[in-house]
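Right, one structure below, let's go through it.
The values are calculated or read from the model by the stated rules, or taken from the named source; none is laboratory data. As the structure is a prediction and not an experimental result, all values here were calculated from the model. Cβ: placed from backbone, ideal geometry, glycine included. Neighbour counts: every protein chain shown. Accessible surface is based on the protein model in full, side chains and every heavy atom, while ligands, DNA and RNA are left aside. Shrake-Rupley method; radii C 1.70, N 1.55, O 1.52, S 1.80 Å.
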Amino acid sequence: MQGKIQEYAKRLKLSWIREHYREVQAANTEEYLLKLFEKEIEQREERKVNLLFKAATLPNVSGKPFDWKDIQLGQGLTQQSLLDGDFIEEKENMIFYGGVGAGKTYLSTLIGINAIQKSGKRVKFYTIASLANELLEANEKGTLNKLFKKIEKLDLLILDELGYIPLHKQGAELLFQVISLCYEKRSIIITTNLQFGQWNHVFGDPILTEAVVDRLIHHSHLVLFGGDSNRMKESFLLNSM
């Protein structure tokens, strides 16, 4: 009898039930079945979340509450809506602009964690440099379409540290393909210490830079990090014209 139960549970891919069905205590058969199914679902959800976290490659965070003191949110945003990832449902983008150490990476990571834990979203975190290198390597190996298909399955793509390293011409062009792939289909968070008018230092071509900015700012929100937020916003907007 036990062997058959374990065999059938294995064939039905009921891994928790197969290992633990004898441990469940219940007053009647219906309660017993209910507890079995609840535990099986809990384990599957936990396993799914763990796999999503593994695939996301998010940075480790300290667990301390985020300090919103010097953060200026764009129109229509609230702290809670941002943390809850409401913009992901709308296929909107977030541009986090501010100096080094202002909390851009930390906040984008918290949003990614919440998107996985609360909504089971598919998230992937890259630095701009690491994604460009992965794209170049995939292109050399002939596996670029495979990488693009992985990106197409995402709900949220986080691109960190735009502005730190100029991109190789081919890397910049491939990154533009990724941004175009995401356009109006999935959300992107970009963290940067550069105003739009300075992005040409990264992409190296004014026409390509304009195309990148055009796709990112359509359906996007700007979040400013830093104490002089009003001056930063004016500077950012002036340099994007």
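Computed from Cα atoms, the angle from the helix 229-240 axis to the main principal axis of the chain rounds to 70 degrees. Among the listed pairs LYS13/LYS149; LYS69/LYS118; LYS10/LYS185; LYS104/LYS150, give every one whose C-alpha distance is greater than 29 Å. Pairs exceeding 29 Å: LYS10/LYS185. Can you give me the % of accessible surface on the range 120-160 that is carbon or sulfur? Probe 1.4 Å, all protein chains present, nothing else counted. Percent of accessible area from carbon and sulfur atoms in the range 120-160: 42.
Taking the C-alpha atoms only, the angle from helix 169-182 to the longest principal axis of the chain is near 60 degrees.
In whole angstrom, the chain maps to an equivalent ellipsoid with semi-axes of 43, 22, 13, each derived as √(5λ) from the alpha carbon gyration tensor and ordered largest first. For the range 65-117, the fraction of 1.4 Å probe accessible surface lying on carbon and sulfur atoms is 45 percent. Volume per residue for the range 80-186 equals 96 cubic angstrom (convex hull of Cα atoms). Computed from Cα positions, the angle between helix 206-217 and the longest principal axis of the chain comes to roughly 50 degrees. In this view, the solvent-accessible surface of HIS168, computed with a 1.4 Å probe and all protein chains in place, comes to about 120 Å². Accessible area per residue for the range 110-194, computed on protein heavy atoms with a 1.4 Å probe, is 46 Å². What the range 1-80 shows is 80 Å² of accessible area per residue, with the surface traced by a 1.4 Å probe over protein heavy atoms.
Altogether, the Stokes-Einstein calculation at 20 °C and 1.002 mPa s, with the Kirkwood radius of the range 136-233 over Cα pairs as Rh, returns a diffusion coefficient of 147 µm²/s. Inter-label distance, GLN25 to GLU152: 5.3 nm, where each label sits 7 Å from its Cα along the C-beta direction. Under a model in which nothing but the beta-carbon of Lys, Arg (+1) and Asp, Glu (-1) is charged, the chain shows a dipole of about 900 debye around its Cα centre.
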